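Below is one structure; the comments refer to it alone.
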Amino acid sequence: MTRKVEVVPHDRNWQSAFADEAQQLSIAFGDNAISIHHIGSTSIETIYAKPIIDILVEVEDIHQVDDRNPEIESLGYTAMGEFGIAGRRFFRKDRSEGIRTHHIHTFEVGSAQIDRHLAFRDYLRAHPEDASKYSELKQQLARQHPTDIQAYMEGKHDFIQAIDRFALEWQNREL
């Protein structure tokens, strides 16, 4: 798939962009929303990231999300259904010129995916040496695959899998 791969230094405005979006999403998801989290690389202050805000919305009932699609779409999102992950509702948002700005990953409370995403984020925040390795890998892959998002994603896969394992073990020790 051809799409420009760009990773940039952390932008301190990403946190406020997340907060602004979360406020609107809270209204769009209604009472079904339990928690809204900033996840992904833009939530980790020390690393390079694609400038796309990843948002995890934890909901009471995943099936009620489908009924809220019009409200979410009114904020500029496109509903993508499960988009390859069973039990998820995925949304993406692009600016008018087609540049991606946001992803929403929606899971029902109790989903292992919620724990995985939050553990990954929290682990990298707490382990700057691994965060730095991830940042360097992302920069290298973006240089190697400047227009091939699929190759970029595949290049990160093994590292992400390893960090997922470390992060869940670390999280379980911390509890």
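The values are calculated or read from the model by the stated rules, or taken from the named source; none is laboratory data. Computed from a prediction, not measured in an experiment: that's the story for all the values here. FYI the Cβ positions are ideal-geometry reconstructions off the backbone, even for glycines, and counts take in every protein chain you see.
Observations, loosely collected:
- Residue-level check: of (1) farther than 14 Å from residue 50 by Cβ; (2) buried (at least 17 other Cβ atoms within 10 Å of the Cβ), residue 152 misses just (1).
- Scanning the range 124-140 for residues that are without any contact (Cβ under 8 Å) to a residue 60 or more places away in the chain, loosely packed, with under 15 Cβ neighbours inside 10 Å and among the basic types (Lys, Arg) turns up nothing.
- Qualifying residue in the range 77-91 (condition: part of a loop (DSSP other than H, G, I, E, B) and in contact with a Ser or Thr (Cβ under 8 Å, 6 or more places away or on another chain)): yes
- Residue match in the range 113-123 (condition: surrounded by fewer than 15 Cβ atoms within 10 Å (Cβ to Cβ) and either in contact (Cβ under 8 Å) with a residue 12 or more places away in the chain or farther than 26 Å from residue 6 by Cβ (or both)): no
Here is a yes/no grid of residues against (1) at pLDDT 95 or above; (2) polar (S, T, N, Q); (3) in a helix (DSSP H, G or I); (4) within 22 Å of residue 32 (Cβ to Cβ):
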| site | (1), (2), (3), (4) |
| --- | --- |
| 47 | yes, no, no, no |
| 71 | yes, no, yes, yes |
| 119 | yes, no, yes, no |
| 134 | yes, no, yes, no |
| 139 | yes, yes, yes, no |
| 159 | yes, no, yes, no |
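- Considering residues of the range 143-157 that are charged (D, E, K, R) and free of Cβ contacts under 8 Å to residues at least 40 places away in the same chain only, the residue nearest to residue 39 (Cα to Cα): 156
- Residue count for the range 93-108, restricted to those that are of a type in the set (A, V, I, L, M), modelled with pLDDT under 95 and outside any loop (DSSP other than H, G, I, E, B): 0
- Close Cβ contacts (under 7 Å, 6 or more residues apart or on different chains) running from residues in the range 77-92 that are on the phi < 0 side of the Ramachandran plot and at pLDDT below 95 to residues that are exposed (fewer than 12 other Cβ atoms within 10 Å of the Cβ) and assigned to a loop (DSSP other than H, G, I, E, B) are absent.
- Unmet requirement for residue 56, which otherwise passes all of (1) surrounded by fewer than 20 Cβ atoms within 10 Å (Cβ to Cβ); (2) of a type outside the set (Ser, Thr, Tyr); (3) more than 26 Å from residue 147 (Cα to Cα): (1)
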